[in-house]
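**Student:** Would you mind keeping the following structure in view while I ask a few things?
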Amino acid sequence: QYSKAANNSKELEDCEQANKLGAVNSTLSNQSKEAFIDWARYDDSQDHFCELDDERSPDAQYVDLLLNPERYTGYKGPSAWRVWNSIYEENCFKPRSVYRPLNPLAPSRGGLEFVCLFSWTGLCLEKRVFYKLISGLHASINLHLCANYLLEETWGKPRWGPNVKEFTRRFDPVETKGEGPRRLKNLYFLYLIELRALSKVAPYFERSVVDLYTGNGHEDAESKALLLDIFRDTKSFHMHFDEKSMFAGDKKGAKSLKEEFRLHFKNISRIMDCVGCDKCRLWGKLQTQGLGTALKILFSEKEIQSLPENSPSKGFQLTRQEIVALVNAFGRLSTSIRELQNFKILLQQTR
């Protein structure tokens, strides 16, 4: 610092000028900052079929699903009707001869009234599949409520169990103008779709780089082993839905239809936020996100097949939230089918 070169004022001025002229102006307007956030949100959502909640949000809550079983809560009537009506009316491509209950807010002439709303005319395979998925999800949720119904509420412990009368009201052919059996067929269709997704995503989890981290190494290894067992079971059942026939037309039309498909489903996941009952909203959103994750998997086959074995994937990734939703949603569907068999036995006993 005492050398002549270091104290050369001309060199110091030139250096300061170079630093000044060469400095990067990192100032950003608030509008630009908001735009960047919006761009990042858009980019992150491009391969998602549902709205994922921000786990870092101060409004987010962690919930133990074992302490909050899905069952009847008393949430019904106009509020529940509005949610499902919005889902069907705003997002579902319209199928033929589907009877749905009329608005419960409207004056009734007595009895449960239905109206025939839709027509299959001109609907492609993809749009029919979309409706069946939503109908199957609706049927599955209704089955859970019927199977775990509040049968008796005393000062002691409430008694929960299957309510055959409620099941008949929601699914009997006579009670539903023939719509009940179609709903149950759609439940099985949805089950096959998610079964197919589990089979397809197996290579993602089979890689050594994927770790179901919880902080307990022994539990992590055990959880992954159990998950891989489930994948092996799904592969042993070959009668899955073949999604390759979907979006198989001209590239431009197929891309547009797939985007429409995705946006409709994302809107459904937003509508689930409007459910007034906390527990109903919890399970509705979880099962919607599970189905959205299944769709993401089915439409990412090439990316999954090209995953690197020993390094993280950039082309296809599942968040912890998506993994939890996928597995639990499939568990709910499996429970629905088991409960359906139980109701068949109970109906035979009552006749």
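Bear in mind these aren't lab numbers, they're just calculated from the coordinates by the rules spelled out. From a predicted model like this one, the values you see are computed outputs, not experimental measurements. Methodologically, a virtual Cβ is constructed for each residue, glycine included, from the backbone with ideal geometry; neighbour enumeration extends over all protein chains shown.
**Student:** Quote to one decimal, in nm, the extra length available between Ser306 and Asp229 on full extension: 0.36 nm per residue of separation minus the C-alpha distance between them.
**Tutor:** On the way: separation 77, 0.36 × 77 = 27.72 nm, distance 2.24 nm.
Taking 0.36 nm per residue and subtracting the Cα distance, the gain is 25.5 nm.
**Student:** Could you check the spin-label model distance between Glu219 and His238? Points 7 Å from the Cα along Cα→Cβ, value in nm.
**Tutor:** 4.0
**Student:** Also, I was wondering about something else. Give me the number: length gained by fully extending Arg281 to Arg338, i.e. 0.36 nm times residue separation minus the C-alpha to C-alpha distance, one decimal in nm.
**Tutor:** On the way: separation 57, 0.36 × 57 = 20.52 nm, distance 2.31 nm.
Extending this stretch completely gives an extra 18.2 nm.
**Student:** Return the FRET efficiency for the residue pair Leu66, Asp211: r is the Cβ-Cβ distance, R0 is 22 Å, and the value is rounded to the nearest 0.05.
**Tutor:** Details: r = 23 Å, r/R0 = 1.04.
After rounding, the FRET efficiency stands at 0.45.
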